[in-house]
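K.L.:
Following this message is one structure expressed as structure tokens.
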Amino acid sequence: MTRPRKRRGTENAQFRQRIPADVRDTVRGLELQLPVGGATVSKHISPKATHIELSLAVPSRDKAEAGMRNAAVSAYLAKLYDKLRSTGSPITLSHEEATMLAGHVYRAWSGGRAAEDVRGRLIAEHGVDLAANVQEGLPNMWRSLEDSALAGQLEVVPLADKLTGPQGVKIDRPSQEILAHANKVALGLAFGKQARNSAGDYSPDTDAARFPAPRAVNTKASQLASSLTPDALFVAWQSNPEQKVRIAQSTVRAYHGVVTAFAQFLAEKRHCKTSEIECSTITKAEVRAFADERLEKGNGVTTVNDRYLAALKSIFGWAAERELLTANPAEGVRLKGEKKGRRAEKVFTDEEAKALLSHATRYKRASANEGRKTAAAKRWVPWLMAYTGTRVGEMAQLRKQDVRRKGERWAIRVTPDAGTVKTKDEWWIPLHHHLIEQGFVEFVNDAKAGHLFLDPNPKGYHPDAPFTRTRDPRGILGPLRALQNRLAEFAREVVTRKTVDPNHGWRHTFKAKGRKPSLGIHPVVLDAIQNHAPRTEGEDYGSGDLFDAMVEAVDKLPRYNVD
């Protein structure tokens, strides 16, 4: 695979690759849509072009990003060339491949029902019983093959299948001659075996071992996979237009972390660089070993299955569906283990919850170097999560316009317009009276328009941004991730237990408290507050606007009394 180039007169890295001679005439004149850093670049191939050149829209000094963009373009072109070859130009067989294909001929004609079917048809068409007269039958049969199957461009299939309408790939003329000779040898050996069998000799077949084991010929999926490292495959997956519609940006970030960790794991085990790992060589055993390693590092069974393995299955499965890989190496890999009690470990204890909320209530801006909005986030976001059960990002990206009255009740709106929402939904949550009493509404009213806890960076996204900075024209995701990290560090100052997430723990805790029978909150309403999907189709009926029911539910939630 080619490497990015530096062209005089520009700082951006360039892609330059020779167009293979066998598809050059077909590619010339095409208008290609090439994936470059999450965007699609139109490239017209001139009638005399011998190479494809274009800017990778990233500085050449950013070698990692330039390399991944270069790989994505190369993978796209490899797939294009594959399609052009399979629909028109013939392929070239190696001698080993030709001998392997001849093995199909030998096995089909040397015995068994397939041989009997062939024999019967040949007797009917040529009046020759090959088993009875090998020396006479072989020349006659071979002339028939040369006059029909080998005329023009031969199709690569077992000759037994050729009698029932083959569907194969075309090979070039030199390969036809190599295959013709290999098939002639195979037929001679097969007819010899039939003759021995007819004479009562059924000794072990030593000729069968001369033919290589059956495999796919010139498999383009394997060729393409060999050009894909895990990072390059991730770029191809992320750049696909489908992901921008279906996959949340937070999921893209999480998947990238998994792919990176997996590639590093493989590099350590194989004693190589991550750039030397070919996706086509990854095995189920290696995926399983990675899962075991995640478990040994303290992750729970559910986390490994639902985070790490789910990400690998999704990305490798996507590649297999599009024939970038011949199989999904993560398919069927899943850890088994006792899950009882794991959910409880993710819930804050009463002491932890009160300690964290007290820590937030007492917090004052550490120094002039700390942003005022960051300090405000440490004061209010833990309380907001405690009374709403929302994700940290959904509260950290709140804007002033997202806090207002809905009817008679103050409420907050969770919306993708503010940044990123995993489900891409928008919904309202009533504010708990304790939040109002603490002065949250006054804090909002005194705040400037826009985001309450972060300052968007209008230059957070540009064409040269590393691909891990997912498309973010509003400049919110970078500051949001930074704030989430600050909030996690802040919570860890008082909550040190590793089995509970310092931010996501509020989501589990809210659900655990809301399920107490004494509160009488319907599960559907509790799910609606947190925007959890209905567990059954029946629960989805009549679950339209539940805001009034949410108000009643929130009012039933007990207060957190802290110092």
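The values are calculated or read from the model by the stated rules, or taken from the named source; none is laboratory data. This structure is a prediction, so every number in the text was calculated from the model and none was measured. Because the Cβ atoms are built from the backbone with ideal geometry, glycine has one as well, and the counts that use them run over all protein chains shown.
K.L.:
Tell me, which residue of the range 355-391 that is within 24 Å of Asp545 (Cα to Cα) and not aromatic (Phe, Trp, Tyr) is nearest to the chain's Cα centre (by Cα)?
P.N.:
Ranking the qualifying residues of the range 355-391, first place goes to Arg391.
K.L.:
Tally time: how many residues in the range 481-517 are outside any loop (DSSP other than H, G, I, E, B), within 21 Å of Arg365 (Cβ to Cβ) and in contact with a Pro (Cβ under 9 Å, 6 or more places away or on another chain)? Don't jump to the end; show me each part of the working.
P.N.:
If we filter the range 481-517 for residues that are outside any loop (DSSP other than H, G, I, E, B), which is where we start, we get 481-492, 505-514.
Add one more test, that the residue is within 21 Å of Arg365 (Cβ to Cβ), and what stays is 482-492.
This time we only want the ones that are in contact with a Pro (Cβ under 9 Å, 6 or more places away or on another chain), so: 487-492.
So the answer is 6.
K.L.:
On the basis of being over 17 Å from Trp237 (Cα atoms), assigned by TED's automatic domain parsing to the domain that holds Leu487 and of a type outside the set (Phe, Trp, Tyr), does Lys269 make the cut?
P.N.:
Working: over 17 Å from Trp237 (Cα atoms): yes; assigned by TED's automatic domain parsing to the domain that holds Leu487: no; of a type outside the set (Phe, Trp, Tyr): yes.
No; evaluated as a whole, the condition is false for this residue.
K.L.:
Among (1) modelled with pLDDT of 85 or more; (2) surrounded by fewer than 18 Cβ atoms within 10 Å (Cβ to Cβ), there is one condition Leu56 misses while meeting the rest; what is its number?
P.N.:
(2)
K.L.:
Further question: Determine which single condition Val333 fails, assuming it passes every other condition in (1) loosely packed, with under 14 Cβ neighbours inside 10 Å; (2) not in a helix (DSSP H, G or I).
P.N.:
(1)
K.L.:
Look at Gly505 and say whether it is of a type in the set (Gly, Ala, Ser) and touching a Phe, Trp or Tyr at 6+ places or on another chain (Cβ under 9 Å). It would help to see each step written out before you state the result.
P.N.:
Details: of a type in the set (Gly, Ala, Ser): yes; touching a Phe, Trp or Tyr at 6+ places or on another chain (Cβ under 9 Å): yes.
The answer is yes for Gly505.
K.L.:
Let me ask you something else. Give me the pairs: first residue in the range 286-299 and farther than 11 Å from Phe262 by Cα, second residue of a type in the set (Val, Ile, Thr) and assigned to a helix (DSSP H, G or I), beta-carbon distance under 9 Å, and six or more apart or on different chains, which are they?
P.N.:
Listed by first residue and then by second, the contacts come to Asp292/Val304; Leu295/Val301; Leu295/Thr303; Leu295/Val304.
K.L.:
Now for a different question. Please enumerate the residues belonging to the range 269-299 that are out of contact with any Phe, Trp or Tyr (no Cβ under 8 Å at 6 or more places or on another chain), among the small types (Gly, Ala, Ser) and within 21 Å of Lys498 (Cα to Cα).
P.N.:
Gly298
K.L.:
While we're on this one: Checking the conditions here, which among Ala263, Ala267 is crowded, with 16+ Cβ neighbours inside 10 Å, closer than 28 Å to Lys422 by Cα and of a type outside the set (Asp, Glu)? Before you say what the answer is, go through the steps one by one.
P.N.:
Values: Ala267 fails: closer than 28 Å to Lys422 by Cα.
Only one candidate passes the filter, namely Ala263.
K.L.:
Which count do you get for residues in the range 407-437 that are buried (at least 17 other Cβ atoms within 10 Å of the Cβ) and among the charged types (D, E, K, R)?
P.N.:
Result for the range 407-437: 2.
K.L.:
Let me ask you something else. Within the set of pairs 6+ apart or on separate chains, which have a first residue in the range 474-495 that is β-branched (Val, Ile, Thr), a second that is part of a helix (DSSP H, G or I), and C-beta atoms under 6 Å apart?
P.N.:
Within 6 Å, the pairs are Val494/Ala355; Val494/Leu356; Val494/His359; Val495/Glu352; Val495/Leu356.
K.L.:
Pairs please, first residue from the range 24-48 and loosely packed, with under 15 Cβ neighbours inside 10 Å, second anywhere and of a type in the set (Asp, Glu) and modelled with pLDDT under 85, Cβ atoms under 8 Å, 6+ apart in sequence or on different chains.
P.N.:
Here the result reads Ser42/Glu31; His44/Glu31, each pair linking the range 24-48 to a residue that is of a type in the set (Asp, Glu) and modelled with pLDDT under 85.
K.L.:
Considering only residues of the range 85-102 that are at pLDDT 65 or above and surrounded by fewer than 18 Cβ atoms within 10 Å (Cβ to Cβ), which is nearest to Pro35 (Cα to Cα)? Quick ask: steps written out before the conclusion?
P.N.:
Going residue by residue through the range 85-102, those that are at pLDDT 65 or above are 92-102.
Next, only the ones that are surrounded by fewer than 18 Cβ atoms within 10 Å (Cβ to Cβ) stay: 92, 94-96.
Working: Thr92: 29, Ser94: 33, His95: 37, Glu96: 36 Å.
Selected residue: Thr92.
K.L.:
Now a separate question. Only one residue in Val392, Val403 is out of contact with any strand residue (DSSP E or B) (no Cβ under 6 Å at 6 or more places or on another chain) and of a type outside the set (Lys, Arg). Which one? Steps first, answer last, please.
P.N.:
Values: Val403 fails: out of contact with any strand residue (DSSP E or B) (no Cβ under 6 Å at 6 or more places or on another chain).
Going through Val392, Val403 in turn, just one is out of contact with any strand residue (DSSP E or B) (no Cβ under 6 Å at 6 or more places or on another chain) and of a type outside the set (Lys, Arg): Val392.
K.L.:
A further question on this structure: Scan the range 296-326 for residues that are in contact with a helix residue (DSSP H, G or I) (Cβ under 6 Å, 6 or more places away or on another chain) and over 22 Å from Thr251 (Cβ atoms) and report the count.
P.N.:
Of the residues in that region, 2 qualify.
K.L.:
Can you tell me which residues in the range 514-562 are within 25 Å of Phe348 (Cα to Cα), among the charged types (D, E, K, R) and modelled with pLDDT of 70 or more?
P.N.:
If the condition is that a residue be within 25 Å of Phe348 (Cα to Cα), among the charged types (D, E, K, R) and modelled with pLDDT of 70 or more, then Arg515, Lys516, Asp527, Glu552, Asp555, Lys556, Arg559 are the ones that fit.
K.L.:
So which residues in the range 213-250 are at pLDDT 80 or above and either polar (S, T, N, Q) or not assigned by TED's automatic domain parsing to the domain that holds Ala289 (or both)?
P.N.:
Within the range 213-250, Thr229 is the sole residue that qualifies.
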